[in-house]
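What follows is a short report on a single structure.
Please treat every number below as a calculation from the coordinates, not as lab data. Treat the numbers as computed from the prediction; the structure is a model and nothing was measured. Cβ placement follows ideal geometry from the backbone for every residue including glycine, while neighbour counts extend to all protein chains displayed.
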Ligand code: PNS
């Protein structure tokens, strides 16, 4: 079984995340989308809400499982017998941070990190910017799944 993990906060999932998850699902037998439980970071959606959204928008892929983790990602990988992490690179600005993390993760555990170039049609997206736009009345239709769009509007403007 060739398995990879796509980790992240997913607060909430965007079409940029889905681009990477969907393409990874065509390359691997199973993709585990792992939501970080981070009590230090204030989030808009609870971990359970984020998991539900992810499950709903990835079910069509057929080989995507959604889970949560806390602590070190490499410990989760070892425990789940996942040999590699897939990350999307949007721009050069992602690179320094991602390279350091990939090197540290490999040094700690020999878990590999594989980078996928994010599709140019979604490479400008981030969950933070999406939340900001919705909060101030902007339109994010087409940038997040419809379900996420409706939940964002309800939570931020409701
Ligand atoms: O969507 P994000 O917030 O950019 O995702 C970051 C994430 C979850 C991939 C990263 O913060 C992470 O792996 N955190 C777990 C803690 C960990 O393993 N830290 C050591 C990295 S060298």
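Below 8 Å between Cα atoms, with a sequence gap of 6+, how large is the relative contact order for the stretch 1-122 in percent?
Relative contact order for the stretch 1-122 comes out at 30 percent.
Within the stretch 88-109, list the residues whose amide N lies under 18 Å from a label point set 7 Å along Cα→Cβ of residue 121.
Hits in the stretch 88-109 for residue 121 at 18 Å: 89-90.
Sort 82-90, 66-74 for me by packing, meaning the mean count of neighbouring Cβ atoms within 10 Å per residue, highest on top.
Going by the mean number of other Cβ atoms within 10 Å, highest first, we get 82-90, 66-74.
Can you order the peptides 33-42, 99-108 by their average number of other Cβ atoms within 10 Å per residue, highest first?
For the peptides 33-42, 99-108, the packing ranking is 33-42, 99-108.
Roughly how many nanometres apart are two label points built 7 Å out from the Cα toward the Cβ at residue 157 and residue 70?
Reported label-point gap for residue 157 and residue 70 is 3.5 nm.
By the gyration tensor of its Cα atoms, with a ≥ b ≥ c the square roots of the eigenvalues, what is the shape of the stretch 57-158: rounded for a/c under 1.5, prolate for a/b over b/c, or oblate?
prolate
What FRET efficiency comes out for residue 109 versus residue 46 if R0 is 41 angstrom and r is the Cβ-Cβ distance? Round to the nearest 0.05.
The formula returns an efficiency of 0.90 here.
Could you quote the convex hull projected area for the stretch 1-139, Cα atoms only and averaged over all directions, in nm²?
Over all viewing directions, the stretch 1-139 projects a mean Cα-hull area of 8.6 nm².
Let me have the 222 nm mean residue ellipticity of the chain computed from DSSP H runs of 4+ only, each contributing -39500 (n - 2.57), with the sum over all residues rounded to the nearest 500.
Taken over the chain, the calculation gives -14000 deg cm²/dmol.
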